[in-house]
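Scroll down for the structure; my scribbles are underneath it.
The values are calculated or read from the model by the stated rules, or taken from the named source; none is laboratory data. Remember, predicted model here, so these are calculated numbers, not experimental data. Backbone-built Cβ (ideal geometry, glycine too); neighbour counts: all protein chains shown. To get the accessible areas, we keep the full protein, side chains included, count just its heavy atoms, and leave off ligands, DNA and RNA. Shrake-Rupley method; radii C 1.70, N 1.55, O 1.52, S 1.80 Å.
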Amino acid sequence: MPPAPSRLTIRSQSGPGELDLFRRLSYVLDHEPADDLATGRRVPEWMWVALDGDRVVARAAWWTNAPGGEPLVLDFFDLDDTLPVPERVAIGVRLLETATTAVLPAGAERPEYGRFVPPDWHEDPVVRDAVEARIRVMEETGARMPVERLRLEWRAGTPVPEDSGRHGYIDDLLAEGTRVPAAEGVDRIRAATDLGNVPMAKSFERAFTMVRDAEKSKARG
């Protein structure tokens with residue numbers, strides 16, 4: 001693997017005012033960091049970018065579930081997908097190793113990395129290129145991918161399954177689990193299952209009118 005360009009600047013965010021800089025690369029969770037920073041679930045010191053001049057070519061960030069907590073998950077890791085794969089991977093490795101050393105205590109177990117990707121990412125050459133580049137970075141830094149999950153989501157305004165009156169079958173239990181919170185006015189209901197668990201995935205699809213997505217999770221080896 002070629003080395004990352006020596007001209008790179010790798011640093012953490014100086015404060016919430018640099019959120020627009022962090023957002024120069026995009027991901028489905030881009031709406032969350034502002035609220036996370038305000039509530040303490042994320043701090044600027046956990047949000048890192050790799051800069052080539054003023055161009056953001058990679059970024060990474062960690063999240064926790066309570067103010068003052070330790071980093072629980074690496075939920076942002078993005079690369080500039082217009083770059084050649086070898087350069088992209090080299091930049092990603094350098095960013096991740098630099099940021100991890102600064103954010104995590106020496107010897108600490110590295111938090112799991114999770115990412116949402118389209119369920120058909122294997123078939124789309126452009127998306128597959130982006131996903132596989134991130135996998136390569138994770139593998140270069142010692143990670144392994146333990147599971148790929150199918151995430152499904154019911155949203156308000158879509159049909160709610162009717163009560164069959166049976167209960168006890170998985171389809172009926174899932175349907176009931178949708179009807180009750182839907183009646184209480186929730187905007188969305190999420191469910192997830194391992195991609196290889198075909199019977200459960202089929203039950204989700206039968207029980208709900210859902211938005212499909214795939215979640216790819218990686219944990220450090």
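Just checking, does region 99-112 include any residue being modelled with pLDDT under 95 and surrounded by 20 or more Cβ atoms within 10 Å (Cβ to Cβ)?
yes
Residues that are surrounded by fewer than 15 Cβ atoms within 10 Å (Cβ to Cβ) and under 17 Å from L29 (Cα atoms): does region 61-71 have at least one?
Scanning region 61-71, I find at least one residue that is surrounded by fewer than 15 Cβ atoms within 10 Å (Cβ to Cβ) and under 17 Å from L29 (Cα atoms), so the answer is yes.
Select from region 72-85 the residues that are more than 18 Å from F116 (Cβ to Cβ) and open to solvent by 60 Å² or more (accessible area, probe 1.4 Å) and list them in ascending order.
The answer is T82, P84.
Would you say E32 is open to solvent by 20 Å² or more (accessible area, probe 1.4 Å) and farther than 18 Å from P111 by Cα?
yes
Out of everything in region 71-119 that is of a type in the set (S, T, Y) and either touching a helix residue (DSSP H, G or I) at 6+ places or on another chain (Cβ under 9 Å) or assigned to a loop (DSSP other than H, G, I, E, B) (or both), what residue ends up being nearest to M138 (Cα to Cα)?
Y113
Across region 9-45, what is the total count of residues that are closer than 17 Å to V103 by Cα and assigned to a loop (DSSP other than H, G, I, E, B)?
Going through region 9-45 one residue at a time, the tally reaches 7.
Taking the condition open to solvent by 60 Å² or more (accessible area, probe 1.4 Å), on the phi < 0 side of the Ramachandran plot, out of contact with any Ser or Thr (no Cβ under 9 Å at 6 or more places or on another chain) and hydrophobic (A, V, I, L, M, F, W, C), does A38 pass?
For A38, the condition - open to solvent by 60 Å² or more (accessible area, probe 1.4 Å), on the phi < 0 side of the Ramachandran plot, out of contact with any Ser or Thr (no Cβ under 9 Å at 6 or more places or on another chain) and hydrophobic (A, V, I, L, M, F, W, C) - is met.
Looking at R144, R55 in this structure, which one is open to solvent by 20 Å² or more (accessible area, probe 1.4 Å), modelled with pLDDT of 95 or more and basic (K, R)?
Of the residues listed, the single one that is open to solvent by 20 Å² or more (accessible area, probe 1.4 Å), modelled with pLDDT of 95 or more and basic (K, R) is R55.
Only one residue in D35, D78 is of a type in the set (D, E) and either in contact with an Asp or Glu (Cβ under 7 Å, 6 or more places away or on another chain) or farther than 18 Å from R134 by Cβ (or both), so which one is that?
From the options D35, D78, the qualifying one is D35.
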